[in-house]
Structures are given as structure tokens and as C-alpha cells.
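Right, one structure below, let's go through it.
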Amino acid sequence: MDKLDQYRASLRAVLKEHSQYRHQDDDIEVELVFDTEHDHYQLMHVGWKGLSRVYHTVLHFDIKDGKIWLQQNTTDIDVGQELIDMGIPKEEIVLGLHPPYKRPYTGYGVA
């Protein structure tokens with residue numbers, strides 16, 4: 001399996017694992033979005049809580065320039081470490097949710 005296929009499979013596995021944590025409200029759906037053509041991967045909560053619309057990105061990854069970019073993480077779980085545990089090198093994971101000046105200090109990759 002080449003690197004890009006490994007990254008895609010790892011992202012799908014992480015998102016599928018986290019999609020098992022059901023939302024407390026039955027009117028909110030858990031959606032997985034796998035855009036393998038453009039390499040965007042998301043876990044979303046979509047629905048209604050009473051009269052309020054819920055449209056929330058829980059996790060969002062992109063693959064850009066051969067690296068995995070963590071764009072959004074609203075959980076308290078270190079998904080970067082989960083990817084490392086799956087064999088992804090730490091320097092191949094960019095914390096895009098941090099501003100560029102902070103990325104060199106995260107211990108993860110930089111763009």
C-alpha cells in the first residue's frame with residue numbers, strides 16, 4: 001500500500017471509530033464525509049435540537065502536499081496520537097487548526 005492509500009485508510013478508520021460515539025439527541029445524525037477525489041474527510045453532527053439547527057464539524061482532515069492536515073478537532077481526544085499509533089509519522093501530520101507561527105512548537109509537522 002502506498003503512502004497516500006495508507007493515509008486515506010487511516011483517516012477513514014479514525015473517523016469511523018469516532019462516529020460510533022452517538023450524539024445524546026436522537027434528532028442529530030452522525031455523518032461521515034469521505035471525499036477521496038479531493039482528499040477531504042469529516043465527521044459531522046447534523047440535525048435539530050429543539051428549535052435550534054445543529055450543523056457541526058467534529059473532526060476534519062485534509063491530505064495536502066502528501067501530509068495529513070488536522071483542520072478541526074472539537075473532541076478532547078488526541079487524534080494526532082491515534083494517527084501516530086497507526087504508523088503515520090508525526091512529521092507528516094500538520095495541525096492546521098493552529099496558526100502557522102505555532103506549528104513548529106507543536107512537535108508535529110509544518111507546511
> To the nearest 20 debye, what is the magnitude of the charge dipole of the chain about its Cα centre, counting +1 on the Cβ of each Lys and Arg and -1 on the Cβ of each Asp and Glu?
Replying inline: 320 debye
> Of the trypsin sites (Lys or Arg not before Pro) in segment 1-110, which ones lie in a loop per DSSP and count no more than 16 other C-beta atoms within 10 Å?
Replying inline: R22, K102
> Would you list D26, D62 from fewest to most Cβ contacts within 10 Å?
Replying inline: D26, D62
>> Amide H of K64 versus every other amide H placed in the peptide plane: which residues, excluding those fewer than 5 positions away on the same chain, fall under 5 Å?
In response: W69
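Kindly provide the helix-only [θ] at 222 nm of the chain, computed as the sum of -39,500 (n - 2.57) over DSSP H runs of four or more divided by all residues, to the nearest 500 deg cm²/dmol?
Values: 2 runs with 24 residues, N = 111.
After summing the helix terms and dividing by residue count, I get -6500 deg cm²/dmol.
All of the numbers you see were taken from the coordinates with simple rules; none came from a lab. Quick caveat: nothing in here was measured; it's all calculated off a predicted structure. Counting neighbours? That spans all protein chains shown, and the Cβs are built from the backbone with ideal geometry, glycine included.
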